[in-house]
Amino acid sequence: MRYRRRRSNGREAAGKEWKAKVDRTCPEVRWLAHYALLGPYDFMDIYEAPDERTAHEVSLLSRESGALLAESWPAIPYDEFLGLARDVERGIKGAPRRGGTATASRRRAGSP
């Protein structure tokens, strides 16, 4: 099997095309960081989404654009986690939530 080598300008164009599509489809996503990685994943995007459905949309767009694997890790700010832990200890369920969901999404080989 032959693999076509993607030149850096083609890689950059593919990445910009993917980002533009995500921005059009999910305009409420706030981008915090984008990293190229060494290891089992090629890229990691850190962004805030208003809910998990929107985070799923970003992941699906990554897969649609050629990512072989996309994985999302929902996260909350540490201070909010501490408040949640205190509420659980006191037996309070369903305490009010702030903001949206910050997500780190990793993409493996074949990603733009």
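The values are calculated or read from the model by the stated rules, or taken from the named source; none is laboratory data. From a predicted model like this one, the values you see are computed outputs, not experimental measurements. Glycine also receives a Cβ, built like all others from the backbone with ideal geometry; neighbour counts cover every protein chain displayed.
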- Query: Among the residues of segment 7-23, how many are surrounded by 13 or more Cβ atoms within 10 Å (Cβ to Cβ) and within 19 Å of Leu60 (Cα to Cα)?
  - Reply: 6
- Quick one: count up the residues across segment 75-112 that are surrounded by fewer than 12 Cβ atoms within 10 Å (Cβ to Cβ) and either at pLDDT 60 or above or under 19 Å from Trp31 (Cα atoms) (or both). 16
- Message: Looking at segment 24-53, I want the residues that are among the hydroxyl-bearing types (Ser, Thr, Tyr) and have a partner that is assigned to a loop (DSSP other than H, G, I, E, B) with Cβ atoms under 7 Å, at least 6 apart or on another chain. Which pairs are those?
- Response: Tyr47/Val29
- Note on the structure: Of those in segment 47-58 that are surrounded by fewer than 18 Cβ atoms within 10 Å (Cβ to Cβ) and within 11 Å of the chain's Cα centre (by Cα), the residue nearest to Trp18 (Cα to Cα) is Glu57
- Item | Residue list for segment 24-45, filter: aliphatic (A, V, I, L, M), surrounded by 16 or more Cβ atoms within 10 Å (Cβ to Cβ) and out of contact with any Asp or Glu (no Cβ under 8 Å at 6 or more places or on another chain) | Met44
- Taking Leu68, is it at pLDDT 90 or above, over 12 Å from the mean Cα position of the chain (by Cα), exposed (fewer than 15 other Cβ atoms within 10 Å of the Cβ) and within 23 Å of Gly15 (Cα to Cα)? no
